[in-house]
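Colleague: Before I ask anything, here is the structure I am working with.
The values are calculated or read from the model by the stated rules, or taken from the named source; none is laboratory data. From a predicted model like this one, the values you see are computed outputs, not experimental measurements. Positions of Cβ are generated from backbone atoms using ideal geometry, with glycine treated the same way; all protein chains shown enter the neighbour counts.
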Amino acid sequence: MPKVVILGGGVAGLSAAHELLERGFEVEVYESKTIAGGKARSIPVKGSGTDGRPDLPGEHGFRFFPSFYKHLPDTMKRIPYKNPKTGVFNSNGVYGNLVQATRLGLYQFGQTPLITLAGFPRTLSDWALIFRDLIFPPVKFSLSDLTFFATRIFQILTSCEERRTDDYDKLSWWHYIDAENRSKTYQDFFANGLTRSLAAAQGQLASTKTIGTIFIQLFLDLLRPATTSDLLLNGPTNDVWIEPWVSYLTDSNLHAKPVKYWLNSPLKAINCKGQKIYSVTVEIEGKPSEVRGDYYLFAVPVEAMANYITKDLTDIDPSLASIIELKQYVRWMNGIQFFLKEDVPMVRGHVAYVDSPWAVTSISQHQFWANVDLSKYGDGKVRGIISADISDWFTLGLNGKEARNCTREEIKDDVWKQMKLSINVNGREILKDSNLHSWSLDPDITCHDTELSNGEPLLVNYVCTWGIRPKANTQVSNMFLASDYVQTFTDIACMEAANEAARRAVNSILSVSSVSQPNCQIWDLHEPSIFKLWHLNDYRRWKKGLPWNGRIFG
């Protein structure tokens, strides 16, 4: 069988390895980090474990699985998982390790938070919460703002795909929803809060095609009674997902030719000969090694991949130069964990700090980790974890400095302060300095000569960038791309896009190989079929160069 060399062992690389293994290919994966999983990996707090206990569980950022994800859940259901306590296998594989978040908290400095549902109401208390928010809304939106925003969303819903791709990708979200001429509350929630928390983007720069499409998916999730719209893992990511995945793929008892997975093995060079890749140079155990295969699948982030695009490659496929161009469209979105002496459950779901200058979002983690005894980690004194993401590193914080210009200690202090100003309201002190045991900032944030750098930034879909994002297949006959910057239905940089891109790359390999196996399934984003009449009419108008009119006919 043909051999596929995969560079990058995160969600995209593992997804591709999984699909290729099931189709009989010989697969080797080379991951640059010492821990499997890429951006999705757990990051134990080095040196925190004492007296034989493992290090405290850190994360690159908290995981989030909305119900519009289709590709990733399909893969997760095919990863066997044996419950370590009962010894029984989950019927749904590692997908069975996902639990439901029921609430969403929108917090502002010094104000009563808006606590709303994270899905369709199912219980009496859910309905009571809806009526309470309707009758006594903690956040006051004007009817004019709400009506206008609703019309903007309706326009996206009823626009054809061609208009979204051609027209809306050229419009910033800020411009599209007319944020400049709306209230500060409108700007905070719909323009800035939504884009910064969702994709580490700025409303003034983010593509309406991407932000609008994903917002619609999240909104529709809330209206589907049969779905679970906000799922989270029930333990540290590597414990309940990544490590079982790697173990399954590399298990020689289960597979005649298991995947070979190499850690701490970064890509160094791509070597071409003629119209194809001859080999790749990978550093293995500190020494450069030449690795050869029939096909090469690159599942590394765009900012890393850009460093390997040489003239040899662009001579064969000039479009690969767009990867170098895409490198400039990355932002920072990284996690910080606060370890607590006593647990603070707060909201059973995600919290968005709307006034936070650094676009902080968080989860009180341990309430979802029912079977994880935190006293068995670290020094045995931790009882709770608040896992937070910082999505804006380029705006002045409460300390008057951009996060990227702060020390790691200053970042911790300001994020903690931003959360306290939002949570400790109405005379209640929920977050207490005395309850803070320790903290851990993503080790990808490093300091060199007093300046911070980020080892793993995130691609952001700026205006006019859809067209320069590559497809999974290239004109280099044995080179394929699988990462969240590849053109996918999912569009936004996330784990689902990485999995979809991997499937597209595997399908491209199948199309040029002699292997006769079925293609990986690809799902488009679902929108109610009732809107197809609008889409057809809008497509006719778009072809004639006419603007959207929101009608079914004419």
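Colleague: Would you point out which residue out of 362, 322, 356 is in contact with a Pro (Cβ under 7 Å, 6 or more places away or on another chain), touching a residue at least 60 places away in the same chain (Cβ under 8 Å) and either outside any loop (DSSP other than H, G, I, E, B) or crowded, with 22+ Cβ neighbours inside 10 Å (or both)? Give the steps one after another, and end with the answer.
Modeller: Working: 362 fails: in contact with a Pro (Cβ under 7 Å, 6 or more places away or on another chain); 356 fails: in contact with a Pro (Cβ under 7 Å, 6 or more places away or on another chain).
Answer to the check: 322.
Colleague: Let me ask something else about it. Can you give me the number of residues within the stretch 429-456 that are at pLDDT 90 or above and either assigned to a loop (DSSP other than H, G, I, E, B) or charged (D, E, K, R) (or both)?
Modeller: Going through the stretch 429-456 one residue at a time, the tally reaches 8.
Colleague: Which residue is surrounded by the fewest Cβ atoms within 10 Å (Cβ to Cβ), if the candidates are limited to the stretch 19-46 and must be over 20 Å from the mean Cα position of the chain (by Cα) and within 19 Å of residue 71 (Cα to Cα)?
Modeller: In this case the residue turns out to be 22.
Colleague: Suppose we filter the stretch 495-521 for residues that are more than 22 Å from the chain's Cα centre (by Cα) and under 22 Å from residue 169 (Cα atoms); how many remain?
Modeller: 0
Colleague: Collect the residues in the stretch 423-474 that are acidic (Asp, Glu), under 21 Å from residue 341 (Cα atoms) and without any contact (Cβ under 8 Å) to a residue 60 or more places away in the chain, keeping them in residue-number order. Write out each step before concluding.
Modeller: Restricting attention to the stretch 423-474, the residues satisfying the condition of being acidic (Asp, Glu) are 429, 433, 442, 444, 449, 451, 456.
Okay, now just the ones that are also under 21 Å from residue 341 (Cα atoms), so 429, 433, 442.
Correct list: 429, 433.
Colleague: Which one of 382, 415 is among the β-branched types (Val, Ile, Thr), in contact with a Leu (Cβ under 7 Å, 6 or more places away or on another chain), at pLDDT 95 or above and crowded, with 22+ Cβ neighbours inside 10 Å? Even if it seems obvious, please write down each step before you answer.
Modeller: Numbers: 415 fails: in contact with a Leu (Cβ under 7 Å, 6 or more places away or on another chain).
Result of the check over 382, 415: 382.
Colleague: Something else: Return the pairs, sorted by first residue and then second, in which the second residue is in a strand (DSSP E or B) and among the small types (Gly, Ala, Ser), the first residue lies in the stretch 260-281 and is over 24 Å from residue 317 (Cα atoms), the beta carbons are less than 9 Å apart, and the residues are 6+ apart or on different chains.
Modeller: Final answer for the pair search is 265/289.
Colleague: Can you pull out the residues in the stretch 499-521 that are closer than 14 Å to residue 74 by Cβ and in a loop (DSSP other than H, G, I, E, B)?
Modeller: Of everything in the stretch 499-521, those that are closer than 14 Å to residue 74 by Cβ and in a loop (DSSP other than H, G, I, E, B) turn out to be 518, 519, 520, 521.
Colleague: Restricting to the stretch 522-554, what's the tally of residues that are surrounded by 11 or more Cβ atoms within 10 Å (Cβ to Cβ), hydrophobic (A, V, I, L, M, F, W, C) and under 30 Å from residue 73 (Cα atoms)?
Modeller: Matching residues across the stretch 522-554 total 4.
Colleague: Which of the residues that make up the stretch 133-177 are in a helix (DSSP H, G or I) and more than 30 Å from residue 544 (Cα to Cα)? Full working, then the answer.
Modeller: Keep residues of the stretch 133-177 that are in a helix (DSSP H, G or I), which gives 133-135, 143-157, 161-166, 168-170, 173-176.
Within the stretch 133-177, 133, 134, 135, 143, 144, 145, 146 qualify.
Colleague: Now a separate question. Residue check: is residue 116 more than 30 Å from residue 255 (Cα to Cα), at pLDDT below 90 and surrounded by 14 or more Cβ atoms within 10 Å (Cβ to Cβ)?
Modeller: On the way: more than 30 Å from residue 255 (Cα to Cα): yes; at pLDDT below 90: yes; surrounded by 14 or more Cβ atoms within 10 Å (Cβ to Cβ): yes.
Yes: the conditions hold for residue 116.
Colleague: Taking the stated definitions as given, is residue 513 surrounded by fewer than 21 Cβ atoms within 10 Å (Cβ to Cβ), within 17 Å of residue 19 (Cα to Cα) and in contact with a strand residue (DSSP E or B) (Cβ under 8 Å, 6 or more places away or on another chain)? Explain how you work it out, then say what you get.
Modeller: Values: surrounded by fewer than 21 Cβ atoms within 10 Å (Cβ to Cβ): yes; within 17 Å of residue 19 (Cα to Cα): yes; in contact with a strand residue (DSSP E or B) (Cβ under 8 Å, 6 or more places away or on another chain): yes.
Yes; evaluated as a whole, the condition is true for this residue.
Colleague: Going residue by residue through the stretch 333-342, is there one that turns out to be of a type in the set (Lys, Arg) and either crowded, with 21+ Cβ neighbours inside 10 Å or closer than 30 Å to residue 381 by Cβ (or both)? Give the steps one after another, and end with the answer.
Modeller: Going residue by residue through the stretch 333-342, those that are of a type in the set (Lys, Arg) are 341.
After this cut, where a residue has to be either crowded, with 21+ Cβ neighbours inside 10 Å or closer than 30 Å to residue 381 by Cβ (or both) as well, the list is 341.
Looking through the stretch 333-342, at least one residue is of a type in the set (Lys, Arg) and either crowded, with 21+ Cβ neighbours inside 10 Å or closer than 30 Å to residue 381 by Cβ (or both).
Colleague: Surrounded by fewer than 23 Cβ atoms within 10 Å (Cβ to Cβ), hydroxyl-bearing (Ser, Thr, Tyr) and over 25 Å from the mean Cα position of the chain (by Cα): does that describe residue 438? Write out each step before concluding.
Modeller: Values: surrounded by fewer than 23 Cβ atoms within 10 Å (Cβ to Cβ): yes; hydroxyl-bearing (Ser, Thr, Tyr): yes; over 25 Å from the mean Cα position of the chain (by Cα): yes.
Yes.
Colleague: So, residue 505, is that one within 23 Å of residue 211 (Cα to Cα) and touching a residue at least 12 places away in the same chain (Cβ under 8 Å) or not?
Modeller: On the way: within 23 Å of residue 211 (Cα to Cα): no; touching a residue at least 12 places away in the same chain (Cβ under 8 Å): yes.
For residue 505, the condition - within 23 Å of residue 211 (Cα to Cα) and touching a residue at least 12 places away in the same chain (Cβ under 8 Å) - is not met.
Colleague: Taking the condition of being in contact with a Phe, Trp or Tyr (Cβ under 8 Å, 6 or more places away or on another chain), at pLDDT 95 or above and aliphatic (A, V, I, L, M), how many residues in the stretch 481-494 meet it?
Modeller: 2
Colleague: Separate question: If I ask for residues that are aliphatic (A, V, I, L, M), assigned to a loop (DSSP other than H, G, I, E, B) and in the same structural domain as residue 440 (by TED's automatic domain parsing), which ones from the stretch 37-80 would you list? Steps first, please.
Modeller: First, pick out the residues of the stretch 37-80 that are aliphatic (A, V, I, L, M): 40, 43, 45, 56, 72, 76, 79.
Going one step further and asking which of them are assigned to a loop (DSSP other than H, G, I, E, B), we end up with 43, 45, 56, 79.
Listed by number, the list holds a single entry, 79.
Colleague: Given the structure, is residue 492 under 26 Å from the mean Cα position of the chain (by Cα), surrounded by fewer than 18 Cβ atoms within 10 Å (Cβ to Cβ), within 27 Å of residue 155 (Cβ to Cβ) and among the hydrophobic types (A, V, I, L, M, F, W, C)?
Modeller: On the way: under 26 Å from the mean Cα position of the chain (by Cα): yes; surrounded by fewer than 18 Cβ atoms within 10 Å (Cβ to Cβ): no; within 27 Å of residue 155 (Cβ to Cβ): yes; among the hydrophobic types (A, V, I, L, M, F, W, C): yes.
The answer is no for residue 492.
Colleague: I would also like to ask the following. Select, from 96, 119, the only residue that is assigned to a helix (DSSP H, G or I), of a type in the set (Gly, Ala, Ser) and under 26 Å from the mean Cα position of the chain (by Cα). If you could, list the steps in order and put the result at the bottom.
Modeller: Values: 119 fails: assigned to a helix (DSSP H, G or I).
Result of the check over 96, 119: 96.
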